[in-house]
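Inspection log for the structure reproduced underneath, given as C-alpha cells.
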Amino acid sequence: MELETDKSRVGLWIVGFFLAAALLFAGYTWVSLTWSYAKGERAGYLQKLSKKGWVCKTWEGELAMVAVPGSMPEKFYFSVRNDAVAAQINQAMGRRMVLYYEQHVGVPTSCFGETEYFVKSMKAIE
C-alpha cells in the first residue's frame, strides 16, 4: 500500500514538473512576441518576399538598402506575420518603400519567423 502511494507521488511530481515547464515556455514565448526590444524603419527596394516553412509558414523578405547610387546595397532581412501586410508589400514590389518594424529578441523558435525583425506596416515611396 505504501509503495503505491510513493509511486503516485512521484507521478504527480513528474506531471507537475512538465506542466510547470510548459507554462514557463508558453509565458516566455508570449513575452518575447509581445514585448519589442526596438522599433524602427528601413527604406529600400524589396528584393524578395516568400512564404516559407515546413510546418509553420511565415513570410520572409529581403530589402536592399542603397545609401548612394552605385554603392553596394546593405540587405535587411525581415519576417512578416500578417498576411494583409505581406500582400501590401507584394503589391509595391519594385518600388522604393519604407518598412516599419519591431525587433523581438529571444523568440524561442523559428516557427514565428526566421528573423528577429517583424514588419508591422509599410509605405510605398513615389
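The values are calculated or read from the model by the stated rules, or taken from the named source; none is laboratory data. Bear in mind that the values here come from a model prediction, so they are computed numbers and not experimental data. Every residue, glycine among them, receives a Cβ derived from its backbone with ideal geometry; neighbour counts consider all protein chains shown.
For segment 28-56, a tally of residues being farther than 15 Å from Glu102 by Cβ, modelled with pLDDT under 90 and not aromatic (Phe, Trp, Tyr) returns 4. Would you confirm, using the coordinates I've provided, whether Tyr117 is surrounded by fewer than 17 Cβ atoms within 10 Å (Cβ to Cβ) and hydroxyl-bearing (Ser, Thr, Tyr)? So Tyr117 fails the test.
Condition check ((1) in a strand (DSSP E or B); (2) surrounded by 12 or more Cβ atoms within 10 Å (Cβ to Cβ); (3) among the aromatic types (Phe, Trp, Tyr)) across all residues:
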residue: Ser8; (1), (2), (3): no, no, no
residue: Trp30; (1), (2), (3): no, no, yes
residue: Leu33; (1), (2), (3): no, yes, no
residue: Glu41; (1), (2), (3): yes, yes, no
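Assess whether Leu46 counts as being among the aliphatic types (A, V, I, L, M), in contact (Cβ under 8 Å) with a residue 24 or more places away in the chain and part of a strand (DSSP E or B). Against the criterion (among the aliphatic types (A, V, I, L, M), in contact (Cβ under 8 Å) with a residue 24 or more places away in the chain and part of a strand (DSSP E or B)), Leu46 qualifies. Considering segment 88-126 alone, what residues qualify as being under 23 Å from Ala26 (Cβ atoms) and of a type in the set (A, V, I, L, M, F, W, C)? Scanning segment 88-126 gives Val105, Val107, Cys111, Phe112, Phe118. Of all the criteria given as (1) assigned to a helix (DSSP H, G or I); (2) within 24 Å of the chain's Cα centre (by Cα); (3) without any contact (Cβ under 8 Å) to a residue 24 or more places away in the chain, the one not satisfied by Glu62 is (1). Just a yes or no: is a residue in segment 56-63 among the small types (Gly, Ala, Ser) and touching a Leu at 6+ places or on another chain (Cβ under 6 Å)? Yes - at least one qualifying residue is present in segment 56-63.
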